[in-house]
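The values are calculated or read from the model by the stated rules, or taken from the named source; none is laboratory data. Remember, predicted model here, so these are calculated numbers, not experimental data. Every residue, glycine as well, gets a Cβ built from its backbone with ideal geometry; the counts of neighbours run over all protein chains shown.
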Amino acid sequence: MIYLDYNATTPLGAAAREAMEPFLARHYGNPSSVHGAGREARAAVDDARDRLADLLGAKPHELIFTSSGTESNNLAVLGLARAQAERGRHLICASTEHHAVLNAFEHLAEREGFDVTFLGVDEMGRIDLDELAGVIRADTTLVSIMTANNETGVLQPMTELARLCDERGVLLHTDMVQSFGKVEIDLAGSNLAAASFAAHKFYGPKGAGLLYLRAGIPIEPIQFGGAHENQRRPGTENVPAIVGMAGAAEFVLRDRAEEQGRQAILRDTLWEKIIAACPDAIQNGDGAPRLANTLNVSFPALSSETLLMALDLEGICASSGSACMVGSVVASHVLLAMGLAAELAGAAVRFSLGRETTDDEIDRAGEIIGRVIHRVRSAGTESRVAYAAV
């Protein structure tokens, strides 16, 4: 098997696994309990919080542990919008956001009377700063723009976006689920109000997420039943997962720049092999700053579903976009927002690389992809010829 779907999830790394093991077996106390076993678990959670805060350039009390990137995004969008509602009810987000953000904004618009502006992007998938400035109003309270798109890898100009929002007195949340461990992140002095993370995207465990919330910014909880996480997110903390998340974060940042450079070379090599085998292939987001590991390609006259099934049969794991649209292969809303025709958006495949991707895998993947494209196109031509002869 050649795994090229690291943007969907990464394998659990050794650093996370080793950190988690003691808390899966021997140290099982509830971190809210006052006895020794509970205090031991609490110390582990506090230590993980301190280490993650140091890595992010944040203060420990600015970090809220959640169950996933989706929960972190929901808490940020719903919690911040509701907390600011008396000041204003106009919200802005990019039309290319992950559905964890888009659906939260849609809920606020459809069920809670908020006015939401869904901001367009250019053909590269980038936000226009002037357009954003033009739609911010006196009653705008929250903007949400993801740092790196999970489908195309396209990076947004977050420094400029944060500066603009800060100057206009608007809170800015960013979904950093796909970018952590791949781009430099320092939340200190970033002008960000909130940022979301998920451990399983950087070789940590599934079921662990994180929300950064800048000190002094109020937020309304979206769940109820306890005073955990400074009364911002109730529920017994997942101690093994939290500890594993901290271990994974330290691991991926240790040699981040070097590893991303290696993956960029492999990504570009894979593209060269694809374009050689399929000269009409289109690299989506090419020309914009992108994550080093992400390659999104449209194959004209083919379909994502057919290609993914054919690639799977050959042992290559890839995707058509977000893995969160359970079991579905639909035309990407991201690519449609970038202006791609529906047939090209429905013919896209995302290849995403990771730390375990090797030169040999890329060589083999390039050969297999070329062979699969030729076979699928030949089968399609034969079917059309046979139909025409009837």
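Of the conditions (1) farther than 30 Å from residue 19 by Cβ; (2) more than 14 Å from the chain's Cα centre (by Cα); (3) surrounded by 18 or more Cβ atoms within 10 Å (Cβ to Cβ), residue 156 satisfies every one except a single condition; which number is it?
Of everything listed in (1) farther than 30 Å from residue 19 by Cβ; (2) more than 14 Å from the chain's Cα centre (by Cα); (3) surrounded by 18 or more Cβ atoms within 10 Å (Cβ to Cβ), residue 156 misses just condition (2).
Are there any strands (runs of 3 or more DSSP E) wholly within segment 128-223 with 3 or more residues that are among the polar types (S, T, N, Q) and at negative phi, and if so which?
Details: elements: 140-144, 171-175, 194-198, 209-213.
Of the strands (runs of 3 or more DSSP E) lying wholly inside segment 128-223, those with at least 3 residues that are among the polar types (S, T, N, Q) and at negative phi span 140-144.
So, of the residues in segment 223-255 that are acidic (Asp, Glu) and touching a residue at least 40 places away in the same chain (Cβ under 8 Å), which turns out to be surrounded by the most Cβ atoms within 10 Å (Cβ to Cβ)? Lay out the reasoning, then the answer.
Taking segment 223-255 and keeping what is acidic (Asp, Glu), we get 229, 237, 250, 255.
Checking which are touching a residue at least 40 places away in the same chain (Cβ under 8 Å) leaves us with 229, 237, 250.
Numbers: 229: 20, 237: 22, 250: 16.
Step by step, filter segment 223-255, then rank; the result is 237.
Report yes if some residue within segment 83-95 is assigned by TED's automatic domain parsing to the domain that holds residue 218, in a helix (DSSP H, G or I) and either buried (at least 23 other Cβ atoms within 10 Å of the Cβ) or touching a residue at least 24 places away in the same chain (Cβ under 8 Å) (or both); otherwise report no. Working first, answer last.
Kept after step one, since they are assigned by TED's automatic domain parsing to the domain that holds residue 218, are these residues of segment 83-95: 83-95.
Then drop every residue that is not in a helix (DSSP H, G or I), which leaves 83.
Applying the additional criterion that residues be either buried (at least 23 other Cβ atoms within 10 Å of the Cβ) or touching a residue at least 24 places away in the same chain (Cβ under 8 Å) (or both) yields 83.
Checking segment 83-95: at least one residue is assigned by TED's automatic domain parsing to the domain that holds residue 218, in a helix (DSSP H, G or I) and either buried (at least 23 other Cβ atoms within 10 Å of the Cβ) or touching a residue at least 24 places away in the same chain (Cβ under 8 Å) (or both).
I'd like the residue in segment 201-222 that is more than 19 Å from the chain's Cα centre (by Cα) and either buried (at least 16 other Cβ atoms within 10 Å of the Cβ) or among the aromatic types (Phe, Trp, Tyr) (or both) and, out of all such residues, is farthest from residue 55 (Cα to Cα). Please lay out each step first, then the result.
First pass over segment 201-222, keeping only residues more than 19 Å from the chain's Cα centre (by Cα): 214-222.
Adding the requirement that they be either buried (at least 16 other Cβ atoms within 10 Å of the Cβ) or among the aromatic types (Phe, Trp, Tyr) (or both) leaves 214, 219, 221-222.
On the way: 214: 15, 219: 23, 221: 25, 222: 27 Å.
It comes out as 222.
Would it be correct to say that residue 193 is surrounded by 19 or more Cβ atoms within 10 Å (Cβ to Cβ), modelled with pLDDT of 95 or more and closer than 23 Å to residue 252 by Cβ? Please lay out each step first, then the result.
Numbers: surrounded by 19 or more Cβ atoms within 10 Å (Cβ to Cβ): yes; modelled with pLDDT of 95 or more: yes; closer than 23 Å to residue 252 by Cβ: no.
It is false that residue 193 is surrounded by 19 or more Cβ atoms within 10 Å (Cβ to Cβ), modelled with pLDDT of 95 or more and closer than 23 Å to residue 252 by Cβ.
Consider residue 322 carefully, then state whether it is out of contact with any Leu (no Cβ under 9 Å at 6 or more places or on another chain), at pLDDT below 95 and either among the basic types (Lys, Arg) or within 22 Å of residue 120 (Cα to Cα) (or both). Outline the logic, then answer.
Numbers: out of contact with any Leu (no Cβ under 9 Å at 6 or more places or on another chain): yes; at pLDDT below 95: yes; either among the basic types (Lys, Arg) or within 22 Å of residue 120 (Cα to Cα) (or both): yes.
Judged against the criteria, residue 322 is a match.
Which one is nearest to the chain's Cα centre (by Cα), of the residues in segment 114-150 that are β-branched (Val, Ile, Thr) and within 18 Å of residue 77 (Cα to Cα)? Step through it out loud before you land on a result.
In the first step, residues of segment 114-150 are kept if they are β-branched (Val, Ile, Thr); the result is 116-117, 121, 127, 135-136, 140-141, 143, 145, 147.
Next, from what is left, pick out any that are within 18 Å of residue 77 (Cα to Cα): 116-117, 136, 140-141, 143, 145, 147.
Values: 116: 22, 117: 21, 136: 25, 140: 25, 141: 23, 143: 17, 145: 12, 147: 9 Å.
The extreme case among them is 147.
Applying the selection to segment 70-82, what residues are of a type in the set (Ser, Thr, Tyr) and either surrounded by 24 or more Cβ atoms within 10 Å (Cβ to Cβ) or in contact with a Gly (Cβ under 6 Å, 6 or more places away or on another chain) (or both)? If you could, list the steps in order and put the result at the bottom.
Here is the first cut: in segment 70-82, the ones of a type in the set (Ser, Thr, Tyr) are 70, 72.
Within segment 70-82, just 72 meets the criteria.
Do you know which of the residues in segment 106-126 that are touching a strand residue (DSSP E or B) at 6+ places or on another chain (Cβ under 7 Å) and small (Gly, Ala, Ser) is surrounded by the most Cβ atoms within 10 Å (Cβ to Cβ)? Lay out the reasoning, then the answer.
Of all residues in segment 106-126, those touching a strand residue (DSSP E or B) at 6+ places or on another chain (Cβ under 7 Å) come to 108-109, 114-119, 121, 124-126.
So of that shortlist, the ones also small (Gly, Ala, Ser) come out as 109, 125.
Details: 109: 16, 125: 27.
Going through the qualifying residues, I end up with 125.
For residue 357, work out the one condition from (1) modelled with pLDDT under 95; (2) crowded, with 22+ Cβ neighbours inside 10 Å; (3) not hydrophobic (A, V, I, L, M, F, W, C) it doesn't fulfil.
Single failed check for residue 357: (1).
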